[in-house]
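Visitor: For reference, the structure I am asking about is given below.
The values are calculated or read from the model by the stated rules, or taken from the named source; none is laboratory data. What you see is a predicted model, and the numbers here were worked out from it, not measured in a lab. Neighbour counts are summed over all protein chains in view; Cβ atoms, including those assigned to glycine, are modelled from backbone coordinates with ideal geometry.
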Amino acid sequence: MPDDERPLLSDPSLTALVLHAAAAGPVELDDLERRLNQALATAQQPPADRGEIRPRLQALCADLAIAGLIEPRGGGYALTGGGRRAVAEHPQGLDRADLMAWPAYAAHVQRLAARTGAPSIAPHDGTHPSAYLEGVAARVAGLPAADNPHPVDTADHLAWENGWAEAYAG
């Protein structure tokens, strides 16, 4: 079964994983992957494909940080006051459409739409390549543009760079 068809890998389940883990203190992507694979093992499901889940977790953390629910801290992500409220109101998690209820995220989406002339849609609606989402996550995590991991003169390099540039919320 593909990862996107497994309930524990849905956006709401992954958001719940991130928010609950960040509530205990800064959590890094490696720890999130470990916690996810423990939950999958408990459900007697195979582990998540690292090549698919890591970019999804990065992009999700970027969205949650843009919304103000988590913040980069100590090499990981920590829950904010807004994140604590989100956990209390949505203990089972949120999907990306739900994030539009947070003004900072909605404003970010509107800025992206205004800059690109694209319709106002969530940036992770399946239309962006994973390299773009990796770039967004890298910018939110405070990484410099020089950290683009993709070879120059490739579509992935450009997509990563575009994601990194468009994540600027200033």
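Matching residues to (1) in contact with a Lys or Arg (Cβ under 7 Å, 6 or more places away or on another chain); (2) among the small types (Gly, Ala, Ser):
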{"position": "24", "(1), (2)": "no, yes"}
{"position": "29", "(1), (2)": "yes, no"}
{"position": "34", "(1), (2)": "no, no"}
{"position": "59", "(1), (2)": "no, yes"}
{"position": "62", "(1), (2)": "no, yes"}
{"position": "85", "(1), (2)": "no, no"}
{"position": "90", "(1), (2)": "no, no"}
{"position": "94", "(1), (2)": "no, no"}
{"position": "99", "(1), (2)": "no, no"}
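Visitor: Determine which member of the set 38, 45 is closer than 20 Å to residue 7 by Cα and not in a helix (DSSP H, G or I).
Guide: Step by step, each of 38, 45 is checked, and only 45 is closer than 20 Å to residue 7 by Cα and not in a helix (DSSP H, G or I).
Visitor: Can you tell me which of (1) touching a strand residue (DSSP E or B) at 6+ places or on another chain (Cβ under 6 Å); (2) part of a helix (DSSP H, G or I); (3) under 24 Å from residue 163 (Cα atoms) is the one residue 77 doesn't meet?
Guide: Residue 77 satisfies every listed condition except (2).
Visitor: Could you tell me which of the residues 93, 83 is part of a loop (DSSP other than H, G, I, E, B), surrounded by 13 or more Cβ atoms within 10 Å (Cβ to Cβ) and at pLDDT 80 or above?
Guide: 93
Visitor: Looking for something out of contact with any helix residue (DSSP H, G or I) (no Cβ under 8 Å at 6 or more places or on another chain), closer than 20 Å to residue 138 by Cβ and surrounded by fewer than 18 Cβ atoms within 10 Å (Cβ to Cβ) - is there at least one such residue anywhere in segment 42-60?
Guide: Yes, segment 42-60 has at least one match.
Visitor: So, in segment 123-155, of the ones that are among the acidic types (Asp, Glu) and over 17 Å from residue 51 (Cβ atoms), which residue ends up modelled with the highest pLDDT?
Guide: 153
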